[in-house]
Every structure is written in C-alpha cells, then in structure tokens.
Amino acid sequence: MTSMQKLYLLVPLAPLAGSLVAGLLGRVVGRSGAHAVTILGVLVATVASLLVFVDVMGGNTFNGTVYTWATVGDLRLEIGFLIDSLTATMMLVVSFVSLMVHIYTIGYMADDPGYQRFFSYISLFTFSMLMLVMSNNFLQLFFGWEAVGLVSYLLIGFWWTRPTAIYANLKAFLVNRVGDFGFVLGIGLVFAWFGTLDYAAVFKAAPALAASGATLPGTEWLLLTVICVCLFIGAMGKSAQFPLHVWLPDSMEGPTPISALIHAATMVTAGIFMVARMSPLFELSPAALSFVIVIGAITALFMGFLGIVQNDIKRVVAYSTLSQLGYMTVALGASAYSVAIFHLMTHAFFKALLFLAAGSVIIGLHHDQDLRNMGGLRRYMPVTWITSLLGSLALIGTPLFSGFYSKDSILVATEAAHEAGMPGATFAYFAVLIGVFVTAFYSFRMYFLAFHGEERFGRAHGHHGDHDEEEPSADHHHGLAPGEKPHESPAVVTLPLILLAIPSVVIGFVAIDMFLFGDFFSSAIFVDAAKHPAMTKLTELWHSFGEPNHRGWEMALHGLMTAPFWLAAAGVGLAWFFYLKRPDIPEAIARRFAAVYALLENKYYLDRFNEVFFAGGARLIGRGLWKGGDMAIIDGVAINGSARLVGWIAALIRHLQSGYIYHYAFAMLVGVGLVLFFFLTVPYVLSGR
C-alpha cells in the first residue's frame, strides 16, 4: 500500500476512531476528552483531504479495492476508493464544514447532558459521508447512503424526550425509506443487467445498453431510463426534492449544529453528488434528465415561497436549503454537472454559516428562535450580525460573493437548455429566475426582522417559537426576561462563523475558472462540454470577459447589468420596505389573501395529505387486516371456527354415547333392521322384479 493510499484510508478512519472513543469511552475521557478526540479526528481528515485535493490537482487519481468483503460466485463485494476531482472536492468540503461544526458544538452544547454522545454521533456522521463520496462501487455507496440516514435519524431525535423530535426523526426515516426503495431498485437493475457493481465497469458498458434500445421486461420503458429514474428517486429522498422534501423542515428539531451539518455539506448533498457521479448514465437518457430538471425547478420555486411565511429563524434557512437544492438539481438536469457541484461547494459554506449564525442568535436570546421576538440584534451581536449579512449576500447571488458565480452559472445553463428546446427546461428557466427574487425576499426578511428595526425581545410574547431549542430537562423559560439584553456568543461559536464567512465571500471568485472552465472535472464528469448547449454557452460567456486574471471581476460587473441582479435587488428592497418601513403591509396582505397564506402556512397541505392518505391509508389497511383478516378469518374461521365445528360434531356424537344400555340395544336393533332391509331389498331392486 502506497503512502497516498494510506492517506486515503486516514480520511474516513480518523473521524470513525474519534466517534468510537467518544461514544464507547465517553465517561472515561469526559466532556473535554470527547470533543478533543473527535475534533482531532476531523482535523486530521481535513488536512488529509487538503493534501489529497492538491495531489488530484496535480493530475493524480486512484481507483482501486481496499478490502474484499465477500465473494458470491463471480460477484466480488468490495470496499474501494475512487479518488478523482469530484471526490477530492467533496472530501474537502465535507471535512472542513464538519470541523467548523465540531468546534461550534463546544459552545452550543456546553450545558447538554448528552455532550459526549452528540460528538460521537456527528463524528460518525462525518465518517459515513466520507465513505459515501469516496466509494468506487454501488455497494459502498449504498453503505454510506444508509449510514448517513441512520445517523441523521439519531441526531434529529437527539433530544429523545421531546415528542416533536421523535416525530421528526421518524418522519425523516420513513420518507427516506421511500426514496431508498427506488435507489435499491436502481442498484438491483444495474447489477441484473451489467453483472457488476463497479462504477468503471458499469459506465463502460452503459453506451452499449443505450444503443441496444433494451427495455424493462414487460414494458416499453427504456431500461437505462428506468435505472436513472430509480437512482434519482433515491436522490429525491436524500436531497429533499419535491415531493419527498417533507422531512427536512421538521429535522430542525435537532440541535442547530446538526442542521448545519445535515443541510449544508453532508446528507442533503449526497443525492446531488450521486447524480453527478452517475453522469455517464444520465447523459444517455434525455427522458431522465427532463424528469430531473422539472423536479428541481418545482423544488427551487415552490419551496422558496414557503420560506416567506416562516417565523422560526431555523425554518427559514431550512426552506432556503430546499430551494437551493432545487437549483443544484436543475443544473444536473441541464447536464451542467460541474455547475451543480460548484454550487454545492459554495452553498455548503454560506448555508453552514447561516445555520450556525441562526444558532448564535438562539443562544443570545436564551433559546427563543421566533423572528417576531427579535429585532435590533445588530447592537448586541456584531459578529453574528456581520457574518449573517455576508452569508445572506452570498445566498442571494450578490456579485463578487461566492453564491453569485455558482448561481449565475446555473441560470445561464438553464437558459441554454431552454433555448436548445430541452423538454421541461422552459419551465425550469422561469422557475429559477423567479426564484432569485423569492430567495432575496425571504433571506432579507429574516435578516431585517432579526438584526434591524424595533427591539421586540424581553417582552411577554404569546408566540414564542413552536420549535424552540432547549435541553428537555431544563426548566428555564424561552427568551429573554423583561429588561434583559441579548449577548454575543462566545468565541468558540463566533470563530467558526468567521472562518465560514471567508470562503462564503471569496471561494466563488477564486475557484470558478478551475471548476467550470478548466479540465479539473474532466476525469470525473463525462460530458462533452464542447457539444453541450449549457456548458458551451457558459464557456463562451466566460471567455468573452478577456484576460483570465480579470474574468472574475468582469463577470461580476456584467452581473450588475443582468435581470437576476435586479430581481435580487428588488427582493431585498421589498423586504426592507415591508418589514422595516411598513410592517403593516405584510399583515394586510396576509388578511387579504387569507387562502393563499393558509396554503403556504400549511406547506401546500402535503403533510396533511401524507398523514391522511399514506399514514391513514396504512392504518386503514392495517385495521382491515387486523379485524377482517386476523380476527374474522384467522381467529374467527380458521381457529375458532374449526373449534366450533369440532364442538358441533362432538355435540351430535355425544347423544349417541349416553351410557344407557337400552339406548345401545335400541341402536343395535335399528342397525340390524337397516342391514336386513339392505340385503333383502337391494337384490330385488337390481333384478328388476
């Protein structure tokens, strides 16, 4: 094993070692030992990932087996690593954001009795995600896929004494099982037709399968399209795409560090990464790509609308995550895979920043997370204020900020797909364009309500957040007492905010040339950029800006003259006017359009539909099987019915076994009479006389 291969192993195993120590020896090492060993493990993974990234930039890649788990006939089930530009990018993003979350957790969970257990969980989560992104086969991909789902279940329900937390983690688990069912079907079809689970072998054989026009037996559906759609259904669950998005907002029941870890760089991006990794398959199925782009567009636009009416600060950021995942999915559907990964990377930094900043606000307000109880926090929490502003500017795609370069690239790619006549691309283009305004509006609505305007904290409110974060056994009230003022969070909380704010501002400007227009992803994403309309248009736009060293500046200046910038500016301006100058207007609009407001407040009634149709239907079927099948047929007929039949027969026979001699004598005489009758009459009848 070479030194680089040992380094590859170190990346996932270091967080795993930290998780095992904190989880199994938590009482021995104590609270400080638990956070020290897990942070050290993730720090080692981050440094190793950086070294791997630099090595991959030098043109070195790796695809090989680390361990053979089992051999079944000709099938070898292996643990292996595929280290290329896509993997190296994900490794670095996952490990760095996880490191920031680990450090932040020291301050956020300082008073929680489950301190060691929490660090063990988040370190195990990091290990699971790293195994997922480093896999070179479908078996290991599925292992990491299910492992992040399991650990997210444990983390969302971390405060297990709260019924809402248990409901939320059960909901996340069940909804993801729906997506995972499609994912398993896709993997099963891959193995059935390709005879292997190795990425390279499958990708090599895929063009021949597409050219053959093979269909799913018994249908007219192209087999490759069915495989891609099934795999994408798995991504819809993990990456919370409509209609399998319903678990993600409720996952806010977990502590804020988990919100940042799950919703920024890890679990929800697994589906985006998986589709990008499977680009050689999706490129061979235009129908699957159209399905992807339409689902992404619906998610990007309609989840953004829901962010407008949220009053819980974390839920606003959660719906923002849903919307941005929709943008990434639209890029995937437009075959702009590198653009989707670029936005995944930039989004990981500024969305983790926004979640952790929201957590800092919650700390400063004594666990009150209702925006209606905030206002004027800029005076008291300057670090949280400025980092939140930077994260919000990156989120809405402000020129020069990281989100601008990745988000604007998605818009250009979608416009190119629309102009090329791709089915579904027209709807997607207008959806993401309108989404720019919606994103800016709800983002700065949250920002203005929290940090500017009238100070609304320290009052006797009747609407504290319905999902306030508090350790279950704590008996202090939520929110500040009358006269009490907010406070800035400790350095262990604000330091990760500052460290995440830096890439949120500069990473897009620094990385766009390498990620989108160099050959960095050429070995990982199999799209002919020279022939594809989305990448062709992006490349032409980029090269129209002149010298490479100045293109980032020129693209930002160009962005100031485009429709997305003015839509974003309009969203910010309208949020400022509505929530700082005329707060009566939003209330009047809500009253005037009560039906629309109710639709948004009830999340399009999808939760209610799921509860009535799916959950209620399952209960109805279960009740029918219980009463009709178990009680009526099994108990009533098969068991009790047979017993009653035996009892009835026994009751008849009992009359013949009375114990009286004269009964038996009479029966004998009757029997003799019947025998004589038979022998005397039957021959006579048969003779015909």
P(r), alpha carbons of the chain - 20 Å bins starting at zero, rounded %:
17, 47, 22, 5, 6, 3, 0
Would you mind pulling out the separation of the Cα centroids of region 193-242 and region 8-60, in Å?
35
Please report, as a whole percent, how much of the solvent-accessible surface of region 66-189 comes from carbon and sulfur atoms (probe radius 1.4 Å).
74
Mean accessible surface per residue for the chain, computed with a 1.4 Å probe while every protein chain stays in place, in Å²:
42
Non-local amide H neighbours of T215 (under 5 Å, H modeled in plane, Pro and chain starts lacking H): which ones?
L223
Quick one: which residues, 5 or more positions from L82 or on another chain, have an amide H under 5 Å from its amide H? H modelled 1.01 Å from N in the peptide plane, none for Pro or chain starts.
S135, N136
To the nearest 0.05, how large is the calculated FRET efficiency for L50 and R117 if R₀ is 22 Å and r is the Cβ-Cβ distance?
0.15
Quickly work out the L75-to-V29 label distance, labels modelled 7 Å from Cα along the C-beta direction, and quote it in nm with one decimal.
3.7
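At 222 nm, what helix-only mean residue ellipticity would the chain give, in deg cm²/dmol to the nearest 500, using -39500 (n - 2.57) for each DSSP H run of four or more?
One gets -22000 deg cm²/dmol as the mean residue ellipticity at 222 nm.
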What is the distance, in nm, between label points placed 7 Å from the Cα along the Cα-to-Cβ direction at S522 and at A570?
4.2
Report I262's accessible area, 1.4 Å probe, all protein chains in place, as a number in Å² to the nearest 10.
0
Can you work out the Karplus-derived ³J(HN,Hα) for every residue in region 273-285? Use 6.51 cos²θ - 1.76 cosθ + 1.60 with θ = phi - 60°, whole Hz, and x for glycine or proline.
4, 4, 5, 4, 5, 8, 3, x, 7, 5, 5, 8, 9
For region 89-148: rounded, prolate or oblate by the Cα gyration tensor [a/c cutoff 1.5]
oblate
Cα-based Rg and Dmax for region 402-446, in Å, come out at 11.8, 38
Please report the relative contact order for the chain, taking Cα pairs under 8 Å with a sequence separation of at least 6, and give it as a percent rounded to a whole number.
12
Would you check the accessible area of V66, probe 1.4 Å, heavy atoms only, in square angstrom rounded to 10?
50
Region 660-674 - phi-based ³J(HN,Hα) in whole Hz, Karplus 6.51/-1.76/1.60, Gly and Pro as x:
8, 5, 5, 5, 5, 5, 4, 5, 5, 5, 4, x, 5, x, 5
With all protein chains in place and a 1.4 Å probe, R582 shows an accessible area in Å² (nearest 10) of 100
Sequence gap at least 6, Cα distance under 8 Å: using those rules, report the relative contact order of region 37-186 to the nearest whole percent.
21
Cross-link candidates for K171: which lysines have Cα within less than 16 Å, leaving aside residues fewer than 8 places away along the same chain?
K238, K603
Non-local residues with an amide H under 5 Å from the amide H of N60, with H modelled 1.01 Å from N and Pro and chain starts lacking one, are none
If the cut-off is a Cα-Cα distance under 19 Å, which lysines reach K407, setting aside same-chain residues fewer than 8 apart in sequence?
K351, K537
Computed E for A491/F609 - FRET, C-beta separation, R0 56 angstrom, nearest 0.05
0.75
What is the spin-label model distance, in nm, from L7 to E484 if the labels are put 7 Å beyond Cα along the C-beta direction?
5.0
Size of region 295-446 as Cα extents on the principal axes (Å, biggest first)
52, 27, 18
Give me a comma-separated list of calculated 3J(HN,Hα) values for region 418-427, in order, Karplus coefficients 6.51, -1.76, 1.60 applied at θ = phi - 60°, integers in Hz, x for any Gly or Pro.
5, 5, 7, x, 5, x, x, 6, 5, 4
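The values are calculated or read from the model by the stated rules, or taken from the named source; none is laboratory data. This is a predicted model, so every value here is computed, not measured. FYI the Cβ positions are ideal-geometry reconstructions off the backbone, even for glycines, and counts take in every protein chain you see. We work out accessible area using only protein heavy atoms, side chains counted, and drop any ligands, DNA or RNA first. Shrake-Rupley method; radii C 1.70, N 1.55, O 1.52, S 1.80 Å.
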